[in-house]
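Following: one structure in structure tokens, then a few remarks.
The values are calculated or read from the model by the stated rules, or taken from the named source; none is laboratory data. Please read these numbers as outputs of a predicted model, since none were measured by experiment. Here the Cβ is made from the backbone with ideal geometry for all residues, glycine too, and neighbour counts use every protein chain on show. The accessibility values were calculated without ligands, DNA or RNA, using every heavy atom of the protein model including side chains. Shrake-Rupley method; radii C 1.70, N 1.55, O 1.52, S 1.80 Å.
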There are 2 protein chains.
Amino acid sequence: MSLDGYIARRDGDLVGLNGALREGVDYGFAETMQRTGAYIMGANTYREMVKSGMGGGGGTPTYVVTHDPSPPRKGKVTLYSGDLGALVERVKGETEKDICVFGGGALLTQMVERDLMDEVGVSIIPALLGDGAPFWGKLAGLKRLELAECKRFESGIVALTYRLARERGRGK
Amino acid sequence: MSLDGYIARRDGDLVGLNGALREGVDYGFAETMQRTGAYIMGANTYREMVKSGMGGGGGTPTYVVTHDPSPPRKGKVTLYSGDLGALVERVKGETEKDICVFGGGALLTQMVERDLMDEVGVSIIPALLGDGAPFWGKLAGLKRLELAECKRFESGIVALTYRLARERGRGK
């Protein structure tokens, strides 16, 4: 997200964010992919991934949370419109590896609200977008975090990883 | 601000933010105070400071930007309701030291919008407040930043300092 909390400008222009990503730098994507047994993402993130040629063709099971049956599906992509807690239970039964929720916005916020996340990683891009699609939605109450990692990149990106306190006692 | 960009909850409860500040830790306030020749702040920040016993009594000139003539004034506090660019020019004429804009919200956003800031420091508190008073307001367009410093504290607070690109060629 930008320092002011946006993942994209209203007009969908991602130039402010992508301009800060430098080629050939390891932002941890490879390590994340290796420890991930399944992806959960929203329809917007999935569409962006398909557009950029990344989504849907890989060997890792991917669950796209959406009520819209129209996104193109290939490979191990499953569209899902049910309860998020039930989805997490189901995916846990299918892999021993980590489950990675990709993208921000409404889906991530709902997952945090329901205490379904163990860890949240946010990369802060050195820009103010000014307006647009927010990374975080609104939550009903305070969620305390514990900083696990803080990594500064040459490009000025700061990658922060937090563990979430599981206040309702849900274990992994 | 919290990781989701708030400086306080709607009900004014700052517990989420203050809970992360630990006593006896140097968060850079002392160093900032030493290099500051004048403060500019909004009425809300000033009221919070007065309430906490910090504001208005020090020896450093403080300009409170407000249209409300009621805030209590003591020491070197001046209420100001005019143009922000003119205020910065005036204060530059009064001190050779740095001018520190304290607090977030509408005032900071206007100062950034008008390219009146050289540097912005944001401390990210390890919590999601969920809702409340945002640190950043909306900007008309993208502002590129350059990361100058990234400091991680034991409490999990991450202090980020950015330089602003002065796109309209305003010098200091």
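Here are some residues: B:Gly104, B:Gly82. Which one is more than 16 Å from the chain's Cα centre (by Cα) and either touching a residue at least 24 places away in the same chain (Cβ under 8 Å) or assigned to a loop (DSSP other than H, G, I, E, B) (or both)?
Values: B:Gly104 fails: more than 16 Å from the chain's Cα centre (by Cα).
Result of the check over B:Gly104, B:Gly82: B:Gly82.
Within the range B:32-55, the set of residues being modelled with pLDDT under 85 and open to solvent by less than 10 Å² (accessible area, probe 1.4 Å) comprises B:Gly55 only. For the range B:132-148, the candidate set comprises residues that are part of a strand (DSSP E or B), more than 7 Å from every other protein chain (Cβ to nearest Cβ) and farther than 14 Å from A:Pro134 by Cα; within that set, the residue that is modelled with the highest pLDDT is B:Ala148. Applying the condition of being more than 7 Å from chain A (Cβ to nearest Cβ) and part of a loop (DSSP other than H, G, I, E, B) to the range B:149-166 and asking which residue is surrounded by the fewest Cβ atoms within 10 Å (Cβ to Cβ) yields B:Glu154. A:Tyr63 satisfies every condition listed in (1) of a type in the set (Phe, Trp, Tyr); (2) touching a residue at least 40 places away in the same chain (Cβ under 8 Å); (3) open to solvent by less than 50 Å² (accessible area, probe 1.4 Å) except (2). Only residues that are more than 8 Å from every other protein chain (Cβ to nearest Cβ) and surrounded by fewer than 23 Cβ atoms within 10 Å (Cβ to Cβ) were counted in the range A:121-131, giving 2. Filtered by the rule that a residue be more than 11 Å from B:Thr36 (Cα to Cα) and open to solvent by less than 40 Å² (accessible area, probe 1.4 Å), the range B:83-102 gives B:Leu84, B:Gly85, B:Leu87, B:Val88, B:Val91. Looking across the range A:3-31, the residues that are in contact with a Gly (Cβ under 8 Å, 6 or more places away or on another chain), at pLDDT 80 or above and not charged (D, E, K, R) come down to A:Gly5, A:Tyr6, A:Ile7, A:Ala8.
Residue count for the range A:108-120 satisfying the condition of being more than 23 Å from B:Glu149 (Cα to Cα) and either within 9 Å of chain B (Cβ to nearest Cβ) or not acidic (Asp, Glu) (or both): 9.
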